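Participant: Have a look at this one before I ask anything.
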């Protein structure tokens with residue numbers, strides 16, 4: 001196809017980590033619906049871009065880690081030819097970041113892009129609270145004004161690939177398994193190792209097969225949990241994101257902290273228990289009736305520096321029985337219908353909304 005006959009494009013720039021990008025899915029869907037005849041191109045982390053292409057949410061991905069990002073934010077660096085072609089055919093650039101020196105906007109206009117919208121989802125001018133809704137607000141949209149579909153659908157080849165992986169590990173499909181992720185983007189968002197180990201033991205006692213997910217940054221967290229276990233579970237190490245997504249599709253349910261994988265599980269429609277501590281679940285919690293958010297006491301820290309220096313972290317004192325009860329209700333398919341997004345529990349009170 002010649003450049004003249006190729007589709008017009010919408011370019012989206014998202015420099016955030018996995019969870020941040022997944023929180024923007026409703027906004028990306030809104031752009032796709034509004035520009036249905038355009039090719040949607042996402043400049044983001046290569047792993048999440050690849051997954052979203054495979055799921056059909058975007059048409060092309062550009063790795064944020066490469067020359068594209070450097071060229072867009074520099075007066076001197078060149079852009080890859082493919083990105084140049086997309087910019088020449090671009091009707092809108094949406095960048096969820098800051099551009100205090102104006103270089104990004106200037107680069108876009110240099111290539112003839114007329115509509116350039118640059119705004120960080122952390123901007124104090126935004127009024128809504130939840131991060132999903134903040135992405136939408138940057139586009140002038142509201143949650144009520146977009147498709148009600150919250151989940152993403154995996155293509156069959158990713159599901160089958162995960163089945164082959166689990167079969168090779170001799171994970172029985174006759175026994176329910178829970179995928180447990182002890183890590184997070186920050187150690188300050190994680191349960192202490194002894195509590196997570198107790199949860200894994202409880203799952204084993206209840207006849208389930210807990211599989212532990214270990215990403216590149218989770219090695220210490222997983223090793224600390226394993227130290228407290230008499231019967232260490234199978235650990236799935238350093239899997240690519242598409243394989244993790246496929247394994248999640250086979251899981252009976254998932255347990256994790258405020259992390260990208262937790263948001264992925266929720267978006268895939270997997271029954272999810274999200275353990276929150278110092279981060280605000282009303283802003284960062286995953287949406288879905290199949291999601292149960294469990295937390296300790298409300299965090300009293302005034303800043304992230306205070307969180308890091310807090311030794312006790314009562315916000316993460318979540319009893320294992322509380323987490324198991326959330327799992328039991330999820331397994332019984334009894335979501336809290338009073339809340340259209342998710343159910344929220346604390347270690348001190350019954351379910352609240």
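Participant: Restricting attention to helices (runs of 4 or more DSSP H) lying wholly within the stretch 22-107, give those where 2 or more residues are at pLDDT 95 or above and within 21 Å of residue 260 (Cα to Cα).
Facilitator: Numbers: elements: 25-34, 46-54, 67-72, 81-88.
By residue number, 25-34, 46-54.
Participant: A further question follows. When the stretch 269-287 is examined, which residues are found to be surrounded by fewer than 23 Cβ atoms within 10 Å (Cβ to Cβ) and under 14 Å from the mean Cα position of the chain (by Cα)?
Facilitator: Correct list: 269, 281, 283, 284, 287.
Participant: Do we find a residue being more than 28 Å from residue 128 (Cβ to Cβ) and touching a strand residue (DSSP E or B) at 6+ places or on another chain (Cβ under 8 Å) anywhere in the stretch 253-261? Can you show your working first?
Facilitator: Applying the first criterion (more than 28 Å from residue 128 (Cβ to Cβ)) to the stretch 253-261 yields 253, 255.
Filter again for touching a strand residue (DSSP E or B) at 6+ places or on another chain (Cβ under 8 Å), leaving 253, 255.
So far as the stretch 253-261 goes, yes, one or more of its residues are more than 28 Å from residue 128 (Cβ to Cβ) and touching a strand residue (DSSP E or B) at 6+ places or on another chain (Cβ under 8 Å).
Participant: Can you tell me how many residues within the stretch 304-322 are more than 14 Å from residue 275 (Cβ to Cβ) and in contact with a helix residue (DSSP H, G or I) (Cβ under 7 Å, 6 or more places away or on another chain)?
Facilitator: So the count comes out to 2.
Participant: Could you grab me the full set of residues in the stretch 200-215 that are surrounded by 18 or more Cβ atoms within 10 Å (Cβ to Cβ) and modelled with pLDDT of 95 or more?
Facilitator: Those that are surrounded by 18 or more Cβ atoms within 10 Å (Cβ to Cβ) and modelled with pLDDT of 95 or more: 200, 210, 211, 212, 213, 214.
Participant: Out of all the residues in the stretch 275-307, which are more than 14 Å from residue 259 (Cβ to Cβ), in contact with a strand residue (DSSP E or B) (Cβ under 6 Å, 6 or more places away or on another chain) and part of a loop (DSSP other than H, G, I, E, B)?
Facilitator: none
Participant: Looking at residue 350 and the list (1) closer than 27 Å to residue 49 by Cα; (2) at pLDDT below 90, which single condition is not satisfied?
Facilitator: Unmet for residue 350, out of (1) closer than 27 Å to residue 49 by Cα; (2) at pLDDT below 90: (1).
Yes/no per residue for (1) surrounded by fewer than 21 Cβ atoms within 10 Å (Cβ to Cβ); (2) modelled with pLDDT under 95; (3) not in a helix (DSSP H, G or I):
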{"site": "137", "(1), (2), (3)": "yes, no, no"}
{"site": "140", "(1), (2), (3)": "yes, yes, yes"}
{"site": "153", "(1), (2), (3)": "yes, yes, yes"}
{"site": "161", "(1), (2), (3)": "yes, no, no"}
{"site": "164", "(1), (2), (3)": "yes, no, no"}
{"site": "171", "(1), (2), (3)": "yes, yes, yes"}
{"site": "182", "(1), (2), (3)": "no, no, yes"}
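Participant: I'm told residue 55 meets every condition in (1) within 28 Å of residue 281 (Cβ to Cβ); (2) touching a residue at least 60 places away in the same chain (Cβ under 8 Å); (3) crowded, with 20+ Cβ neighbours inside 10 Å except one. Can you identify the failing condition by its number?
Facilitator: It fails just one condition, (3).
Participant: Do you know which residues across the stretch 1-51 are buried (at least 19 other Cβ atoms within 10 Å of the Cβ) and under 12 Å from residue 90 (Cα atoms)?
Facilitator: Correct list: 9, 10, 11, 12, 38, 40, 41.
Participant: Which condition number does residue 200 fail, the rest of (1) under 24 Å from residue 55 (Cα atoms); (2) touching a residue at least 12 places away in the same chain (Cβ under 8 Å) being met?
Facilitator: Condition not satisfied by residue 200: (1).
Participant: Hey, among 186, 151, 125, 172, which residue is closer than 22 Å to residue 266 by Cα and free of Cβ contacts under 8 Å to residues at least 40 places away in the same chain? Spell out how you get there, then give the answer.
Facilitator: Details: 151 fails: free of Cβ contacts under 8 Å to residues at least 40 places away in the same chain; 125 fails: closer than 22 Å to residue 266 by Cα; 172 fails: closer than 22 Å to residue 266 by Cα.
The conditions single out 186.
The values are calculated or read from the model by the stated rules, or taken from the named source; none is laboratory data. Since the model is a prediction, treat every value here as computed from it, not as a measurement. Using ideal geometry, Cβ is built from the backbone for each residue, glycine included, and neighbour counts are taken over all protein chains shown.
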